[in-house]
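*Asks:* Below are the structure tokens for one structure; questions will follow.
Bear in mind that the values in this text are calculations on the coordinates, not laboratory data. All values reported here derive from a predicted model rather than from experimental measurement. With ideal geometry, Cβ positions are generated from the backbone for all residues, glycine too; neighbour counts draw on all protein chains shown.
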């Protein structure tokens, strides 16, 4: 049996008196595209940040590739995990090329200087559907959709095994959002990278995911392929989500 690339074992996490995750357990298979949906405050983003060590659990364990995150060097861990968020967070004083190269450069990875850096940045721009000529521009000269694509390129730059995405397409228009969804599906199919993708949009969750996790109050309500969630909602809350969804193409 294949070992999960990510495992949550009875994880609980609170902020002050507010319990965000409660005895949360989940296995994510290598190469999965896991979409995570639920109400605001249900623990979606907290779960992501536990994976790359930005947060630590109050109880339980999070394992990445069989190693307890609590005992893993955080720098080494984050070299293996890309992170893309809605606000993108590009450095405005750096060119697109330097933004993409930032994590590999500070991590001391080889091949990220001079002409090699240019070649690798250009290849990543092509991978996310952008022209390499954009490498010389600054973030202010890009559209919202272009900045999101650069953010994904930066998250992929160190060759991670896992990509965490926290509502990465939430701030762009509907047409651009659809294009970005298609791009991330293509990247997943071509690379086989494991993706955890937080969204508030049930249509997006069901379109993108090989599996979808529905959360509420810090717990798992349903964890299944999109087709099963559509056919057999596990609770009234899941059924409400499905009923509110727009027309979409469910991923095979």
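*Asks:* With contacts defined as alpha carbon pairs under 8 Å and 6 or more residues apart, what's the relative contact order of the chain in percent? Don't skip to the answer; put the middle values down first.
*Replies:* Details: 488 pairs, mean separation 63.2, N = 252.
Reported relative contact order: 25 percent.
*Asks:* Mind checking the log10 I(q)/I(0) for segment 22-141 at q = 0.15 Å⁻¹? Debye, one equal scatterer per Cα, no solvent, two decimals.
*Replies:* Computed log10 I(q)/I(0) values: -0.87.
*Asks:* Sticking with this structure for a sec: How much length is gained on full extension from residue 138 to residue 240, taking 0.36 nm per residue of separation minus their Cα-Cα distance? Working shown, then result.
*Replies:* On the way: separation 102, 0.36 × 102 = 36.72 nm, distance 4.30 nm.
32.4 nm is the gain from fully extending residue 138 to residue 240.
*Asks:* Kirkwood hydrodynamic radius, computed over distinct alpha-carbon pairs, for segment 91-159: how many Å, to one decimal? Intermediate values should be presented prior to the final figure.
*Replies:* Details: mean 1/r = 0.0863 Å⁻¹.
Computed over segment 91-159, the radius equals 11.6 Å.
*Asks:* Obtain the nm distance between the two label points defined at residue 23 and residue 49 by a simple spin-label model: each point lies 7 Å from its Cα along the Cα-to-C-beta direction.
*Replies:* For the pair residue 23/residue 49, the computed spacing is 2.5 nm.
*Asks:* If you don't mind, there's one more thing I want to ask. Find the centroid of the Cα atoms in segment 31-96 and in segment 192-230, then give the distance between the two in whole Å.
*Replies:* A separation of 17 Å, based on Cα centres.
*Asks:* Taking a quarter of the surface of the Cα convex hull of the chain, what do you get in nm²? Could the numbers behind the result be given before it?
*Replies:* Values: hull surface 56.3 nm².
Average projection, Cα convex hull of the chain: 14.1 nm².
*Asks:* Given 0.36 nm per residue, what is the gain on full extension from residue 232 to residue 40 after removing their alpha carbon distance, in nm?
*Replies:* Working: separation 192, 0.36 × 192 = 69.12 nm, distance 2.37 nm.
Here the answer is 66.8 nm.
*Asks:* Quick one: if the Förster radius is 35 Å, what FRET efficiency do residue 98 and residue 61 give, using the C-beta to C-beta distance and rounding to 0.05?
*Replies:* Values: r = 37 Å, r/R0 = 1.05.
Between residue 98 and residue 61 the formula returns 0.40.
*Asks:* Where does helix 114-127 land angle-wise versus the long Cα axis of the chain, in degrees 0 to 90, nearest 10?
*Replies:* 40
*Asks:* Starting from the Cα gyration tensor of segment 148-252, take the square roots of the eigenvalues, sort them a ≥ b ≥ c, and report rounded, prolate or oblate (rounded when a/c is under 1.5, otherwise prolate if a/b is larger than b/c, else oblate). Could you put the intermediate results ahead of the total?
*Replies:* Working: a/c = 1.90, a/b = 1.61, b/c = 1.18.
Prolate.
*Asks:* Full extension from residue 109 to residue 174: what is 0.36 nm times the residue separation minus their Cα-Cα distance, to one decimal in nm?
*Replies:* On the way: separation 65, 0.36 × 65 = 23.40 nm, distance 3.68 nm.
The span from residue 109 to residue 174 would gain 19.7 nm if fully extended.
*Asks:* Can you tell me the 0 to 90 degree angle between the C-alpha axis of helix 144-156 and the longest principal axis of the chain, rounded to 10?
*Replies:* Helix 144-156 sits at roughly 90 degrees to that axis.
*Asks:* Additional query: Give the peptides 233-245, 23-35 in descending order of average Cβ contacts within 10 Å, highest first.
*Replies:* Numbers: 233-245: 14.8, 23-35: 18.3.
Listed from highest to lowest mean packing, they are 23-35, 233-245.
*Asks:* Let me ask something else. How far is helix 96-106 tilted off the main Cα axis of the chain, in degrees rounded to 10, range 0 to 90?
*Replies:* 70
*Asks:* Here's something else I'd like to know. Let me check against my output: what whole-number percent is the relative contact order of segment 91-159, with C-alpha pairs under 8 Å and at least 6 apart?
*Replies:* On the way: 77 pairs, mean separation 31.8, N = 69.
In percent, rounded to a whole number, it is 46.
*Asks:* Order these peptides, 38-50, 127-139, 107-119, 199-211, by their mean beta-carbon neighbour count within 10 angstrom, highest first.
*Replies:* On the way: 38-50: 19.4, 127-139: 16.4, 107-119: 12.2, 199-211: 21.3.
In descending order of packing, they fall as 199-211, 38-50, 127-139, 107-119.
*Asks:* As a test of the formula, what do you get for the chain when each DSSP H run with n ≥ 4 contributes -39,500 (n - 2.57) and the sum is divided by the residue count, at 222 nm and rounded to the nearest 500 deg cm²/dmol? It would help to have the intermediate numbers written out before the result.
*Replies:* Values: 9 runs with 92 residues, N = 252.
That calculation yields -11000 deg cm²/dmol at 222 nm.
*Asks:* I need the shape label for segment 73-123. Rule: rounded when a/c is under 1.5, else prolate if a/b > b/c, else oblate, with a, b, c from the alpha carbon gyration tensor.
*Replies:* On the way: a/c = 2.00, a/b = 1.11, b/c = 1.81.
Judged from the Cα gyration tensor, segment 73-123 comes out oblate (a/c at least 1.5, b/c at or above a/b).
*Asks:* While we're on this one: Using all C-alpha to C-alpha distances in segment 99-207, build P(r) with 5 Å bins and read off the rounded percent in each one.
*Replies:* 2, 11, 22, 24, 21, 12, 5, 2, 0
*Asks:* Set the Förster distance to 35 Å, then compute FRET efficiency between residue 191 and residue 70 from the Cβ-Cβ distance, nearest 0.05. Mind showing how you got there, number by number?
*Replies:* Details: r = 28 Å, r/R0 = 0.81.
The value I calculate is 0.80.
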